[in-house]
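The values are calculated or read from the model by the stated rules, or taken from the named source; none is laboratory data. The structure displayed is predicted, hence computed values, not measured ones. Here the Cβ is made from the backbone with ideal geometry for all residues, glycine too, and neighbour counts use every protein chain on show. Protein only, heavy atoms only, side chains kept; ligands, DNA and RNA dropped before computing areas. Shrake-Rupley method; radii C 1.70, N 1.55, O 1.52, S 1.80 Å.
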Amino acid sequence: MNIIFLGAPGVGKGTLSHKLSGSLHYPHIATGNMLRENVIQKTTLGLEAKKFMDEGHLVPDSVVIGMVDERLSRADAKNGIILDGFPRTIAQAEELKKKIKIDIIINLQASDEIIVNRISKRRTCESCHFVYHLDFIKPNREGYCDKCSGFLIQRDDDKPEAVKKRLEVYYAKTAPLVDYYKKEHLLVNVDGSGLPDEVFALVEEVLKKKR
Ligand code: AMP
């Protein structure tokens, strides 16, 4: 099954899709993580993407589509995938449609107030990208990742000014995908405002009905 998580930045796509990837054994394809990895490695793609990411803008479609195409061509992507953060524009959705059959879009919903609060308390492992929340998903040792002992950081684009921009960009460029996928009868709305385990249970229920 090919699953897409859609929703505003900070709504919990990353946490849920990572967990789901563990239970379904599908690869978790998160374009934000892939781009950040390229930035750290200072690849040509990373150097091009960095300026857009730092300001909370989207990286140009051509760059992201090429990166995702390469990832989808690998053997482990043939029996089901979880896409997190892609597509984020209609142009990306159109390209994706040419490459794979999408089975379901899970549209996570929460108010801007909840989203801003979550992002301000989000800490991310610099090494493995696992995401923590200072209240709900606390690391055992403050400042360090439980999985790999990497440093926990606040991403530059999780700081207030960039978050404001990212939400604007989401409403302008990504939110139209809700109608786009509704028309294709693939979209299911899920209330993302609860605790991580509660939202995960809702997602599992939706997927059970689909299978
Ligand atoms: P995320 O970790 O998904 O919040 O993504 C972090 C940043 O990476 C975004 O604010 C964008 O700058 C960039 N990005 C991630 N996915 C995409 C995408 N599908 N299209 C364009 N830019 C993206």
Inset, instruction - Could you pull out every one of the lysines with an alpha carbon less than 22 Å from that of Lys19, ignoring same-chain neighbours closer than 8 positions? - result: Lys78, Lys121, Lys138, Lys147, Lys208, Lys209, Lys210
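Expressed as a whole percentage, what fraction of the accessible surface of the stretch 1-155 belongs to carbon and sulfur atoms when a 1.4 Å probe is rolled over the protein heavy atoms?
53
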Inset, instruction - At 7 Å along the Cα-to-beta-carbon direction for both Asp197 and Ile100, put a label point, then send me their distance in nm to one decimal. - result: 3.0
Inset, instruction - Using the Cα centre as the reference, give the magnitude of the dipole from point charges on the C-beta atoms of the chain (Lys, Arg: +1; Asp, Glu: -1; all else neutral), rounded to the nearest 20 debye. - result: 400
Inset, instruction - For an R0 of 22 angstrom, estimate the FRET efficiency from the Cβ-Cβ distance between Asp76 and Leu186 and round to the nearest 0.05. - result: 0.45
Legend entry - Helix-derived mean residue ellipticity, 222 nm - over the chain, DSSP H n ≥ 4, -39500 (n - 2.57), to 500: -14000 deg cm²/dmol
Inset, instruction - With a probe of 1.4 Å, find how much accessible area the stretch 83-211 has per residue, and write the answer as a whole number in Å². - result: 57
Legend entry - Amide H partners (placed H, <5 Å) of Asn107, local residues excluded: Leu6, Val188, Asn189, Val190
